[in-house]
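Written out below as structure tokens is the structure these notes cover.
Rule-based calculations on the coordinates, nothing more; no lab input. None of the values given here were measured: they were computed from a predicted structure. FYI the Cβ positions are ideal-geometry reconstructions off the backbone, even for glycines, and counts take in every protein chain you see.
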Amino acid sequence: MVTTDEKGPLTAKKKSVIIRSCDGDEFLVSESAAVLSTSLKKILEEKEDRLIHLSDIDNKTLAMVIAYLSTHADDGLSDDLKRSFDQEFVSGKEFDVLKYLVLATDTLQVTCLCYTVAKKMADIMKNKLVEWVRREFDIQNDYTPEAEAEIRRLDAWAWDDRQLEDD
Amino acid sequence: MLIYSSILVYNHTFVLACQGTITMEAESSTVHELSSSFPDEIVTEILTRLPVKSLLRFRCVSKSWLSLISSPAFIKMHLKTANNDIMYSHHRLICISANPHNHFREFSLRFLLHEAAVGSITLNYTVGNPDIPIRIVGSCNGMVCVAIDEENLILWNPSIRKYKRLPFLHIRSGSGCYMKDGFGFDEFNDDYKVVAIFFSIFQYGPYKVLIFSLKANKWRRIEDFKNGMPLDHSGKYVNGKLHWLVDIDGCMDIVSLDLASERYEKMGVPHNADNGFDDPCLTLGLFSKVSTLHNSAFWNAGFYPHMLRLWLLNNGEILLSYGCVIVIYNPKDNIYRYPPIDNIASIHQGDVFVESLVSPSVDDTRLHEE
């Protein structure tokens with residue numbers, strides 16, 4: 001059961017919406033935060049319903065996205081504070097967590113969060129082995145061993161001088 | 001060591017007029033999906049934020065990654081993301097170093113500005129004989145133009161270690177003829193261009209001008225340079241135009257050459273530049289949004305005159321390369337500081353370039369899918 005806090009008749013009523021994750025958890029979100037997502041904004045413009053069900057975002061990921069949206073909707077925070085929040089937000093997060101996050105930003109169309117997460121994923125990826133990348137992105141290697149060796153030979157200097165990581 | 005007499009900074013309306021943008025073509029040719037668990041747009045967003053070196057390796061991930069990373073649309077998008085990165089993660093300072101003799105060194109601009117220990121890379125590019133003079137003509141959109149022995153011009157992308165020798169110009173140096181040059185990007189035609197102005201000590205203008213287009217891969221003659229005599233060795237590139245400080249019958253002016261329309265224009269001098277114009281050792285430095293005229297005491301000292309380069313940093317500071325000096329200048333407090341470069345005295349003539357995959361060869365298609 002979710003309740004919205006009613007203000008007095010003279011205060012403008014702060015509108016909220018309820019967003020439900022694919023595993024059934026419900027989150028109360030201010031409309032000002034929700035509309036930072038282009039998809040949610042469209043839904044809210046089209047229907048009066050205050051309950052939005054997201055069939056492909058789990059509760060943990062949704063909680064993170066909502067924390068992000070609420071912070072960015074807070075007019076009391078300076079841009080500098082929001083920027084440092086963004087840095088904190090992605091720091092220390094596992095690649096797996098970031099994968100779900102970036103997919104959620106795609107579904108919800110939250111461009112600035114998508115860029116922040118993509119940057120962090122790139123930072124993690126940059127020193128990884130090709131095999132690691134194939135695993136994480138679920139990619140089949142469609143090269144013949146000869147063709148792959150040929151590409152590696154072309155810019156051999158890009159491979160030799162750093163320790164590439166596989167975990 | 002720093003004995004600059006003045007730096008004049010003023011708002012210049014013409015440089016505000018056009019902010020270059022790169023139009024993105026839609027990604028259309030991808031046949032296979034890039035990942036079975038991610039939409040292609042997401043994979044592209046992540047890959048545009050990777051360093052060039054990682055991207056060169058990740059061409060091995062799959063054929064569809066190879067074709068994405070090699071596609072002109074992706075290369076442009078990657079360049080644009082790198083250019084816009086406010087942390088300067090993909091920006092490099094490239095310098096000519098006297099130690100080792102006449103070699104290029106590069107530094108991460110990000111580390112340099114944040115006073116972290118700066119490791120440098122000595123680029124494995126040599127011109128054969130280290131006694132042959134080298135000079136950086138300019139840097140723009142991921143590409144660096146270098147003059148070797150004042151005769152051979154080279155377009156070079158240090159981040160992918162590829163270069164291209166421009167067709168040879170017969171300058172007949174030693175017979176009173178010499179060349180002034182400039183390098184920039186023509187956004188309208190999506191083309192890198194090099195300009196060569198030919199001088200003779202026996203003649204005071206107009207001067208013959210050739211322009212090299214990377215797309216056409218050839219030099220072509222354009223309208224002569226009639227507006228006085230350019231003083232700087234290399235024109236300074238800002239927003240689609242090259243600019244030279246010129247001497248017209250003893251008066252200074254700034255003349256620009258639009259790389260798209262190939263038209264010259266007199267820009268006029270800065271209104272507050274009066275006190276600098278009596279000095280015979282004036283050189284022009286330009287950056288986006290603001291123009292600077294720099295009056296230096298180094299000219300007579302025999303250092304490298306007319307080689308001022310500067311970049312406006314997003315914290316308001318200016319990175320300055322002048323002769324054999326690289327400093328960071330804060331115009332608000334009028335303070336100079338040295339970047340934390342080891343062996344800084346051996347560094348001269350720096351320029352900033354951004355890491356990119358752009359290739360100086362026009363027909364570099366051999367890596368595309370068979």
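Some points to look at:
- Most mobile listed residue (A:15, A:120, A:47) in chain A, GNM with C-alpha springs under 10 Å: A:47
- Degrees, to the nearest 10: A:111-125 long Cα axis against longest axis of chain A: 30
- Charge tally in the Cβ shell below 9 Å around residue B:147, where Lys, Arg are +1 and Asp, Glu are -1, residue B:147 excluded: -3
- Counting only DSSP beta bridges whose two residues both lie in region A:9-158, roughly 60 percent are antiparallel.
- Against the main long axis of the alpha-carbon atoms of chain A, helix A:145-154 sits at an angle near 90°.
- Site pair residue B:87 and residue B:188 shows an inter-label distance of 3.8 nm when each label is modelled 7 Å from Cα along Cα→Cβ.
- For residue A:81, net neighbour charge (Lys/Arg +1, Asp/Glu -1) across residues whose Cβ lies under 13 Å away: -4
- Here's the list of lysines a cross-link from residue A:47 could span, going by alpha-carbon distance under 20 Å and ignoring same-chain residues fewer than 8 apart: A:13, A:14, A:15.
- Residues with amide H under 5 Å from that of residue B:162, placed H, sequence gap 5 or more: B:157
- Relative to the longest principal axis of the Cα atoms of chain A, helix A:79-90 runs at roughly 60 degrees.
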